[in-house]
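Student: First, the structure itself, so that you have it in front of you.
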Amino acid sequence: MNKSETELLTTNELLFTLIGCIIGAGILSLPNSVVANAQQDGWISTAIGCLYPLYLILIGGIIIRTYPDKTVLDVSILHFGKLFGNFLNFLFMAQFLLYVVNVIGSANSMLRVYAVPFMTPSKISLVLLMLIIYACCKGLKTIAKINVLMFFIIVALTLSSAMALKYGSILNIQPIFGSGLSKIFKASIESSLPYGNMEILFVIYPFVKNKKTVIRAALVATCIITFIYTWTVFITIFYLGPDIVPKSLWPFFIVSDAIQIPAITNFRFIFMAIWTLIIFKTATSEYFVSSAIFNHIFKKIDRKYVYFLLSPLILVLPLLFTNEVARRDFFTKVMPWVTLFNLFYITLISIFTAIKRKKVSKISS
Amino acid sequence: MLKKNRILFIIVLCILMYILLQSGTKFVPIEKLDIPSGIAIDIVKDKKGNKNYLVTLDAYTFNNKDKSNDILIEGAGITIADTREQRQLESNHKFIIGLEKVMLLGEDVAKNGIENALDILFENPFMHDLAWLVICKDKAVDIMRVKVSDYPTSSDYIKGMIDNCKEQSFFSDNYKITDAYVRVDAEGRNLVLPYIEIKDDKIQITGVVLFKKDTMVKKLDLDETKYMNFLRENDVSGILTLQEGFDKQISMSGKVKRKVHCYKNDDNQYVFDLDLEYKGDIVSNSLYEDILKKPDVIHNFEESMAKYTEEKCEAFIDKMQNEYEIDCLELGRVAAATYGRGTGVDWNEVVSKSKINIKVKVIVDKFGRGQYTVKSK
């Protein structure tokens with residue numbers, strides 16, 4: 001990732017890119033897993049889930065403030081040496097690839113249920129992959145611009161679900177805190193999967209024009225994401241009731257039934273078509289970052305070849321999940337480890353950075 | 001030169017993509033599809049006496065250019081999905097779902113439990129969840145066979161009937177498939193669906209059906225239906241009449257708003273306070289002659305109307321608690337929201353044993369253009 005290659009991002013573009021990376025396919029199935037554990041209080045669990053990205057931003061803020069021009073990858077090599085640093089970076093890259101596999105896998109099963117049952121998963125993957133590689137070749141600035149556009153679409157779609165307020169009932173979310181605090185916290189761990197991906201911040205922050213606004217933008221992004229997630233879970237419970245939400249694999253789609261527009265029999269299909277774009281943009285951002293890290297580790301390979309080099313992985317791996325249930329099972333088992341790794345990686349580097357900064361300030365004084 | 005190659009590359013790529021995506025999929029013109037306007041589900045017995053589902057589609061045909069017609073395609077099977085096989089043997093088209101207007105369920109299906117029917121609808125991603133769910137007397141197919149003049153199918157007519165039943169008798173519009181999803185398996189809620197039958201060679205709504213979980217328990221007649229709806233629904237409209245002899249009556253047309261409050265009394269018994277506010281216009285009046293002149297007559301009328309309605313409602317609640325033993329007013333839902341969910345309480349039982357206080361408030365809003373029966377002397 002060379003600065004001469006890409007133009008620098010504005011603060012707003014960083015904000016929308018972070019939102020775009022995090023909100024993807026997970027939001028549609030989020031109410032299912034959360035409500036299964038926390039019943040009518042699922043929306044509280046979702047709001048609590050924002051602690052994970054908040055922690056990453058606050059502790060990672062040390063790195064951002066100390067090395068505003070270096071990515072976390074450089075800092076990792078700086079502290080741990082080339083071998084161990086690159087090893088950690090490789091794991092860091094692997095998780096983004098895993099996210100891409102997750103997004104494409106869920107897009108596959110969702111699109112084949114709701115939109116294109118006549119297509120095979122490999123065809124859907126191929127089409128998505130070609131679009132992703134094309135967008136990646138255009139660089140970070142273009143991806144940021146896509147994310148800005150998509151942000152408004154996400155907001156429009158989630159807010160349009162407010163029409164369900166007319167049909168649901170406040171009785172569905174009462175009694176508040178009725179399911180018990182332990183269940184609420186257990187469910188909030190479930191929601192760490194959709195909140196994952198804030199790590200992308202540590203790879204792209206050197207490419208922002210105004211470095212001082214990075215942390216503030218990340219915090220604002222977290223607030224907006226938390227609001228959108230909480231609203232989604234809230235409106236789904238409000239509309240369907242806690243007993244019905246876990247019955248659907250993608251409960252948020254049922255809420256789209258409440259959106260009644262004259263002359264349109266079924267808004268669900270329009271909703272689905274637009275959501276495909278949102279999935280595409282999330283996968284693009286994740287793929288871009290993972291190939292950027294790959295490029296950072298293996299500097300000799302040209303960037304454009306990296307996109308093609310990694311593509312077989314994300315073409316084949318999503319196909320290995322035989323069905324949606326298997327995919328969810330796999331990711332609910334794997335995600336806690338990924339989350340733990342991220343916490344470990346960012347915290348470790350932050351601690352080392354803090355120690356080093358102290359030493360430097362001692363010497364200079 | 002390079003640019004030329006690039007354009008060529010893109011064109012070739014597009015063609016290759018098209019061929020790739022096109023292969024293996026078939027496209028059929030709309031005239032060659034069975035598009036059902038309504039679906040009827042019944043239970044029939046086969047020759048050996050086993051129960052079978054009979055699913056009938058009422059599909060449009062487009063062979064006549066001036067007028068669309070309909071054709072019934074029947075299929076029987078052990079499960080609802082199985083019936084697709086037999087239906088295809090009779091049909092000359094492919095069948096798609098997603099544009100149906102009504103689902104007609106036979107009385108046998110409702111009594112047997114509609115969970116299987118709901119499940120197959122819920123799993124199908126192309127299902128149009130806003131179609132109406134209606135219970136039919138005897139066999140649903142018989143109602144589907146009725147020809148309504150100027151309508152392509154009887155389902156189109158029934159759709160209009162249910163669309164507009166909310167205008168009177170305090171019917172709501174909560175009879176869609178989605179409404180069944182959110183009621184059948186939810187805690188403290190019970191499904192109510194309209195009941196239609198053929199009477200005097202016409203299709204008519206003759207009441208509603210009460211469900212306990214997914215099973216039909218009781219069919220209410222129109223008079224009971226009216227007061228059940230009055231107590232159950234919020235923001236629905238209808239007519240209330242006070243009568244003293246044939247020529248002396250007063251009618252009001254208006255909307256009722258409902259508020260429920262739940263608490264426990266000293267005996268640990270659930271108490272439900274139902275506050276009903278009925279606000280409307282006087283549409284016909286020959287009972288109170290001075291109503292336009294004296295405000296206290298209005299007040300007098302409001303009170304006696306409220307009292308009369310309360311009596312009627314109490315009579316229904318008495319029947320509901322002692323005879324039907326179903327919580328068809330969805331009071332359990334309010335109790336669950338106040339005292340916690342998932343405690344394993346059977347709300348039908350609790351509500352049948354609890355105390356229900358009704359308070360009706362009648363408010364006269366408008367008097368129309370005036371009153372003809374007022375005496376000028």
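The values are calculated or read from the model by the stated rules, or taken from the named source; none is laboratory data. The structure displayed is predicted, hence computed values, not measured ones. Because the Cβ atoms are built from the backbone with ideal geometry, glycine has one as well, and the counts that use them run over all protein chains shown.
Student: So which of B:L220, B:L231 ends up being touching a Gly at 6+ places or on another chain (Cβ under 6 Å), surrounded by 15 or more Cβ atoms within 10 Å (Cβ to Cβ), away from chain A (no Cβ under 14 Å) and of a type in the set (A, V, I, L, M, F, W, C)?
Tutor: The match here is B:L220.
Student: So which residues in region B:95-120 are touching a residue at least 60 places away in the same chain (Cβ under 8 Å) and of a type in the set (A, V, I, L, M)?
Tutor: Selection gives B:I96, B:I97, B:L99, B:V102, B:M103, B:L104, B:L105, B:V109, B:A110, B:I114, B:A117, B:L118.
Student: Oh, and also: Which residue out of A:T322, A:T332 is among the hydroxyl-bearing types (S, T, Y), more than 22 Å from A:L91 (Cβ to Cβ) and surrounded by fewer than 16 Cβ atoms within 10 Å (Cβ to Cβ)?
Tutor: It is A:T322.
Student: Answer yes or no as to whether A:I297 is at pLDDT 85 or above and surrounded by 21 or more Cβ atoms within 10 Å (Cβ to Cβ).
Tutor: No, not satisfied.
Student: Could you tell me which of the residues A:L126, A:L165, A:L97, A:L171 is within 12 Å of chain B (Cβ to nearest Cβ), in a helix (DSSP H, G or I) and touching a residue at least 60 places away in the same chain (Cβ under 8 Å)?
Tutor: On the way: A:L165 fails: within 12 Å of chain B (Cβ to nearest Cβ); A:L97 fails: within 12 Å of chain B (Cβ to nearest Cβ); A:L171 fails: touching a residue at least 60 places away in the same chain (Cβ under 8 Å).
The unique qualifying residue is A:L126.
Listed here are the residues, each with its yes/no results for (1) within 15 Å of B:L191 (Cβ to Cβ); (2) crowded, with 18+ Cβ neighbours inside 10 Å; (3) away from every other protein chain (no Cβ under 14 Å); (4) at pLDDT 90 or above.
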{"residue": "B:M103", "(1), (2), (3), (4)": "yes, yes, yes, yes"}
{"residue": "B:P125", "(1), (2), (3), (4)": "no, yes, no, no"}
{"residue": "B:I135", "(1), (2), (3), (4)": "yes, yes, yes, yes"}
{"residue": "B:K147", "(1), (2), (3), (4)": "no, no, yes, no"}
{"residue": "B:D150", "(1), (2), (3), (4)": "no, no, yes, no"}
{"residue": "B:T153", "(1), (2), (3), (4)": "no, yes, yes, no"}
{"residue": "B:I158", "(1), (2), (3), (4)": "no, yes, yes, yes"}
{"residue": "B:N164", "(1), (2), (3), (4)": "no, no, yes, yes"}
{"residue": "B:S169", "(1), (2), (3), (4)": "no, yes, yes, no"}
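Student: Can you name every one of the helices (runs of 4 or more DSSP H) wholly within region A:268-365 that holds 1 or more residues which are within 18 Å of A:L97 (Cα to Cα) and more than 22 Å from the chain's Cα centre (by Cα)? Write out each step before concluding.
Tutor: On the way: elements: A:268-297, A:303-320, A:324-364.
So the answer is A:268-297, A:303-320.
Student: Restricted to region B:5-57, and to residues that are of a type in the set (G, A, S) and more than 14 Å from every other protein chain (Cβ to nearest Cβ), which residue is farthest from B:E90 (Cα to Cα)?
Tutor: B:G49
Student: Tell me which residues, restricted to region B:188-205, are in contact with a Phe, Trp or Tyr (Cβ under 7 Å, 6 or more places away or on another chain) and at the interface with chain A (Cβ under 10 Å from one of its Cβ atoms).
Tutor: Across region B:188-205, the qualifying residue is only B:G188.
Student: Identify the residue in region A:242-265 that is outside any helix (DSSP H, G or I) and more than 8 Å from chain B (Cβ to nearest Cβ) and, among all such residues, is surrounded by the most Cβ atoms within 10 Å (Cβ to Cβ).
Tutor: Going through the qualifying residues, I end up with A:W250.
Student: For region B:305-361, give me each residue that is touching a Cys at 6+ places or on another chain (Cβ under 7 Å) and polar (S, T, N, Q).
Tutor: B:T338
Student: Whether any residue in region A:181-200 is within 14 Å of chain B (Cβ to nearest Cβ) and not in a helix (DSSP H, G or I) is what I want to check.
Tutor: Checking region A:181-200: not a single residue is within 14 Å of chain B (Cβ to nearest Cβ) and not in a helix (DSSP H, G or I).
Student: Going through region A:192-231 one residue at a time, which ones are of a type in the set (S, T, N, Q), under 27 Å from A:L159 (Cα atoms) and either touching a Pro at 6+ places or on another chain (Cβ under 7 Å) or surrounded by fewer than 24 Cβ atoms within 10 Å (Cβ to Cβ) (or both)? Don't jump to the end; show me each part of the working.
Tutor: Within region A:192-231, the subset of a type in the set (S, T, N, Q) is A:192, A:197, A:210, A:213, A:222, A:226, A:230.
This time we only want the ones that are under 27 Å from A:L159 (Cα atoms), so: A:192, A:197, A:222, A:226, A:230.
If the condition is that a residue be of a type in the set (S, T, N, Q), under 27 Å from A:L159 (Cα atoms) and either touching a Pro at 6+ places or on another chain (Cβ under 7 Å) or surrounded by fewer than 24 Cβ atoms within 10 Å (Cβ to Cβ) (or both), then A:S192, A:T222, A:T226, A:T230 are the ones that fit.
Student: A further question follows. Can we say B:L242 is assigned to a strand (DSSP E or B), in contact with a Leu (Cβ under 8 Å, 6 or more places away or on another chain) and within 18 Å of B:Q168 (Cβ to Cβ)?
Tutor: On the way: assigned to a strand (DSSP E or B): yes; in contact with a Leu (Cβ under 8 Å, 6 or more places away or on another chain): yes; within 18 Å of B:Q168 (Cβ to Cβ): yes.
Taking the combined requirement at face value, the residue satisfies it.
Student: Another one. Among the residues in region A:305-312, are any touching a residue at least 12 places away in the same chain (Cβ under 8 Å), within 14 Å of another protein chain (Cβ to nearest Cβ), β-branched (V, I, T) and surrounded by fewer than 21 Cβ atoms within 10 Å (Cβ to Cβ)?
Tutor: Checking region A:305-312: not a single residue is touching a residue at least 12 places away in the same chain (Cβ under 8 Å), within 14 Å of another protein chain (Cβ to nearest Cβ), β-branched (V, I, T) and surrounded by fewer than 21 Cβ atoms within 10 Å (Cβ to Cβ).
Student: Hey, another quick one. Take region B:1-40 and flag every residue that is touching a residue at least 40 places away in the same chain (Cβ under 8 Å) and in a loop (DSSP other than H, G, I, E, B).
Tutor: Passing the criteria: B:V28, B:I35.
Student: Got at least one residue in region B:114-121 being within 20 Å of the chain's Cα centre (by Cα), among the hydrophobic types (A, V, I, L, M, F, W, C) and more than 14 Å from chain A (Cβ to nearest Cβ)?
Tutor: Filtering region B:114-121 for residues within 20 Å of the chain's Cα centre (by Cα) gives B:114-121.
Next, from what is left, pick out any that are among the hydrophobic types (A, V, I, L, M, F, W, C): B:114, B:117-118, B:120-121.
From what is left, the residues that are more than 14 Å from chain A (Cβ to nearest Cβ) are B:114, B:117.
Checked region B:114-121: at least one residue is within 20 Å of the chain's Cα centre (by Cα), among the hydrophobic types (A, V, I, L, M, F, W, C) and more than 14 Å from chain A (Cβ to nearest Cβ).
Student: Being under 19 Å from B:Q88 (Cβ atoms) and of a type in the set (S, T, N, Q) is the filter here, so list the residues in region B:44-69 that pass it.
Tutor: If the condition is that a residue be under 19 Å from B:Q88 (Cβ atoms) and of a type in the set (S, T, N, Q), then B:N52, B:T56, B:T61 are the ones that fit.
Student: Give region A:100-121 a look and list any residue that's at the interface with chain B (Cβ under 10 Å from one of its Cβ atoms) and either buried (at least 22 other Cβ atoms within 10 Å of the Cβ) or hydroxyl-bearing (S, T, Y) (or both), or say none.
Tutor: Those that are at the interface with chain B (Cβ under 10 Å from one of its Cβ atoms) and either buried (at least 22 other Cβ atoms within 10 Å of the Cβ) or hydroxyl-bearing (S, T, Y) (or both): A:M110, A:Y114, A:T120.
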